[in-house]
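Encoded as structure tokens, the structure appears first; notes follow it.
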Amino acid sequence: MEIERKYLPRFLPPDWEQNSRSELEQAYLCIDPVLRVRKEDDSFYLTYKGKGFLAREEYNLPLNREAYEHLKTKADGLILTKTRYRIPLAGSLIAELDCFHGDFEGLTLIEVEFPDQKSAENFLPPDWFGREVTWEKAYSNSFLSRQRRKTSS
């Protein structure tokens with residue numbers, strides 16, 4: 001079970017780039033149900049996600065590089081790329097700050113995963129967190145994979 005809340009940052013905390021980070025690439029094979037393949041640094045996964053926003057089923061299966069590369073060619077939409085910074089929060093929680101590249105360059109999202117629903121409901125975000133977008137479909141990665149970011153002329 002994945003239990004998470006999602007935010008747009010108001011500003012970035014001091015020294016945010018000094019935290020551990022990973023380079024992610026992910027492709028969606030299907031969005032109903034959500035089937036995703038992800039490369040995270042040198043690890044590869046196939047993920048199933050159930051329906052929902054705050055809490056939903058999630059299963060990760062390891063893949064090898066060859067399987068990942070083969071399945072990535074089956075992507076139904078954009079392949080998303082981002083750098084994920086892991087920023088420690090109070091209570092042993094971690095803010096995962098995703099800085100998108102490519103079509104979504106400039107988009108930053110924060111996700112916080114929780115051990116249970118009560119912890120998620122009682123969470124008080126730090127000052128640098130902005131508007132909560134947990135329940136907004138437009139900020140789900142599977143939805144983004146089907147969009148092209150509009151740029152101003």
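Worth a mention:
- Residue match in segment 117-132 (condition: crowded, with 18+ Cβ neighbours inside 10 Å and within 15 Å of the chain's Cα centre (by Cα)): no
- Of all residues in segment 105-116 being open to solvent by 10 Å² or more (accessible area, probe 1.4 Å) and under 18 Å from L8 (Cβ atoms), the one that is nearest to the chain's Cα centre (by Cα): E111
- D32 being open to solvent by 40 Å² or more (accessible area, probe 1.4 Å), over 21 Å from L78 (Cβ atoms) and of a type in the set (D, E): no
- Single match in D42, D32 (criterion: more than 27 Å from E136 (Cα to Cα) and without any contact (Cβ under 8 Å) to a residue 24 or more places away in the chain): D42
- Strands (runs of 3 or more DSSP E) contained in segment 74-153 and holding at least 1 residues closer than 19 Å to Y28 by Cβ and in contact with a Cys (Cβ under 7 Å, 6 or more places away or on another chain): 80-88
- Given (1) more than 22 Å from E23 (Cβ to Cβ); (2) among the small types (G, A, S); (3) touching a residue at least 12 places away in the same chain (Cβ under 8 Å), number of the condition A138 does not satisfy: (3)
- So I94, is it at pLDDT 95 or above, open to solvent by 40 Å² or more (accessible area, probe 1.4 Å) and in contact with a helix residue (DSSP H, G or I) (Cβ under 9 Å, 6 or more places away or on another chain): no
- Residue within segment 21-39 that is among the charged types (D, E, K, R) and either in a loop (DSSP other than H, G, I, E, B) or at pLDDT below 95 (or both) present: yes
- Contact map, segment 94-117: residues that are more than 13 Å from R5 (Cα to Cα) paired with residues that are of a type in the set (S, T, Y), Cβ distance under 7 Å, separation 6+ or inter-chain. Pairs shown: D98/T108; C99/T83; C99/T108; H101/T81; G102/T81.
- Cβ pairs under 6 Å, 6+ apart, first in segment 66-90 and open to solvent by 40 Å² or more (accessible area, probe 1.4 Å), second among the aromatic types (F, W, Y) and part of a loop (DSSP other than H, G, I, E, B): none
- When we screen E58, E23, E2 for residues that are among the acidic types (D, E), under 26 Å from W135 (Cβ atoms), touching a Lys or Arg at 6+ places or on another chain (Cβ under 9 Å) and open to solvent by 30 Å² or more (accessible area, probe 1.4 Å), the only hit is E58.
- Test: residue in segment 43-53 that is in a strand (DSSP E or B), over 21 Å from L107 (Cα atoms) and of a type in the set (K, R): yes
The values are calculated or read from the model by the stated rules, or taken from the named source; none is laboratory data. Here the structure is a predicted model, which is why all the values come from computation and not from measurement. Glycine also receives a Cβ, built like all others from the backbone with ideal geometry; neighbour counts cover every protein chain displayed. Remember, those area values only see protein heavy atoms, side chains included, never the ligands or the DNA or RNA. Shrake-Rupley method; radii C 1.70, N 1.55, O 1.52, S 1.80 Å.
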